[in-house]
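Each remark here refers to the structure printed beneath this line.
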Amino acid sequence: MDEKIMINYDTLPDYMQDGMRCYIEHGIRPGDFMYHILCNDFPRAVRSSDRTNKHNLLVYAEWLINEAPGECYGSVDNVRYWMLLQKLGIKDEEIQALKNEIKALEDRMHG
């Protein structure tokens with residue numbers, strides 16, 4: 001039986017919780033603001049934010065650190081891989097093994 005990691009979305013603004021849940025659990029691309037936060041592109045996040053989100057940047061950063069799987073944020077590549085893997089139904093624990101395989105293939109191609 002698969003154990004599902006319990007993620008607490010309650011510290012995010014109410015109107016952002018469903019979008020984040022859909023992204024993390026199903027790989028559905030969030031809106032521009034959250035996408036830029038996940039990709040670690042804070043200047044673009046600020047430009048695409050509403051007033052509430054602009055003042056909650058620290059809340060999002062802390063939430064990612066404390067609640068989100070580390071593989072689902074931090075760069076555009078991480079976010080794209082996460083969306084693909086979730087859509088394919090690949091479990092969280094399999095992600096690191098896949099990343100290691102990809103890195104080994106890249107090393108062989110370039111080395």
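Computed from the coordinates by the stated procedures, all read-outs in this text should not be read as laboratory data. For clarity, every value in this text was computed on a predicted model and none was experimentally measured. Note that each Cβ is placed from the backbone with ideal geometry, even for glycine, and that neighbours are counted across all protein chains shown.
Miscellaneous remarks
- Angle in degrees between helix 57-66 and the longest Cα principal axis of the chain, rounded to the nearest 10: 40
- Size of electric dipole in the chain: Cβ of Lys, Arg +1 and of Asp, Glu -1, about Cα centre, debye, nearest 20: 460
- Cleavage-rule hits, trypsin sites (Lys or Arg not before Pro), region 59-107, DSSP coil, Cβ neighbours within 10 Å at most 12: 91
- Normalised by 2.2 N^0.38 Å, where N counts its residues, the alpha-carbon radius of gyration of region 1-54 equals 1.24.
- Computed over region 14-110: relative contact order in percent, which uses C-alpha pairs under 8 Å that are six or more apart: 29
- Region 1-77: trypsin sites (Lys or Arg not before Pro) in DSSP loop, at most 10 other beta carbons within 10 Å: 4
- Calculated FRET efficiency for the pair residue 10/residue 106, C-beta based, R₀ 30 Å, to 0.05: 0.20
- Rounded D (µm²/s) - the chain, Kirkwood Rh over Cα pairs, Stokes-Einstein at 20 °C, 1.002 mPa s: 144
- Charge dipole (region 35-111, unit charges on Cβ, about Cα centre) - positive-most of 64, 52, 74: 52
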